[in-house]
1. Tell me, yes or no, whether the stretch 9-22 has at least one residue that is farther than 25 Å from ARG203 by Cα, surrounded by fewer than 18 Cβ atoms within 10 Å (Cβ to Cβ), touching a residue at least 60 places away in the same chain (Cβ under 8 Å) and touching a Phe, Trp or Tyr at 6+ places or on another chain (Cβ under 7 Å).
2. So, in the stretch 69-119, exactly how many residues are part of a loop (DSSP other than H, G, I, E, B), more than 30 Å from ALA55 (Cβ to Cβ), in contact with a helix residue (DSSP H, G or I) (Cβ under 9 Å, 6 or more places away or on another chain) and open to solvent by less than 40 Å² (accessible area, probe 1.4 Å)?
3. When you scan the stretch 68-80, do you find a residue that is in contact (Cβ under 8 Å) with a residue 12 or more places away in the chain and farther than 27 Å from ILE169 by Cα, even just one?
4. Would it be correct to say that VAL38 is open to solvent by less than 30 Å² (accessible area, probe 1.4 Å), part of a helix (DSSP H, G or I) and within 21 Å of ARG203 (Cα to Cα)?
Amino acid sequence: METTNSVEIVRTGNGWLCAEKPSGMSVHNHPGSDLLCVLERQIRADEDLMVALGAQEGFQIHPVHRLDQETSGLILVATDPDRLRYLSNLFQQGAVQKHYIALVHGNFDPPCDPFQVWDTPLSKQAGGRTDPRGKGKRVRSETRYRIMDQSPHYTLLEIELVTGRKHQIRRHAKLAGHPVTGDTRYGSKRSVEFLRENHAYDRLGLHSFKIEFILDTVPVIITSRQIPRQMTALLDQDRPK
């Protein structure tokens, strides 16, 4: 699990910023060490950053959208209530494109089209290893994916979320027979233990890689600086020597 006393800030604007959340860091559930607390300390300690954000002394910081504790990568947060409402509305309207990188178990046949679709309906609540679809009413759920790279036992996927159900990528991957590597909730306990013991792989293989939206009529595209090294290293280690 990654731990840190600071996080990388990728982009700033008036009343908002985009940060790279490490895998294993909660967004707001661990006062003092979660993402919001770390970011607030960074902002208050950096006068130039305060100015760039237009933040006043009594500012409050809020996440604009969800990102699971186990998932790393880009997350938007707001330091201004008007910006929070504006960006939150974009997510609610489906006006934000979210792309992820996932390292999953198994291989795929070469597709005819660049992007394929997982569209099994899911409940709005999280499922589990034995019932990824979840209990209760199941609703439309769509995940687009394309193959980026493959080794004998693993595949690196680029994923676009069309809908936003809880744990959607992890649930769809499990249902497709390709659970995300290191997934303690939906993957097998045996595979998680194997990766930890043999490859020192102790994270979820899911990374928020790109976010696209329109801010005050201006297109904004934010891309993560790199795919996490643990994910690419596992893929490389699995290749024939």
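The values are calculated or read from the model by the stated rules, or taken from the named source; none is laboratory data. From a predicted model like this one, the values you see are computed outputs, not experimental measurements. Quick reminder, even Gly has a Cβ in these numbers, built from the backbone with ideal geometry, and neighbours come from all protein chains shown. Note: areas computed on protein heavy atoms with side chains; ligands, DNA, RNA excluded. Shrake-Rupley method; radii C 1.70, N 1.55, O 1.52, S 1.80 Å.
1. no
2. 0
3. Yes, the conditions are met somewhere in the stretch 68-80.
4. Here the answer is yes, as VAL38 does meet what is asked.
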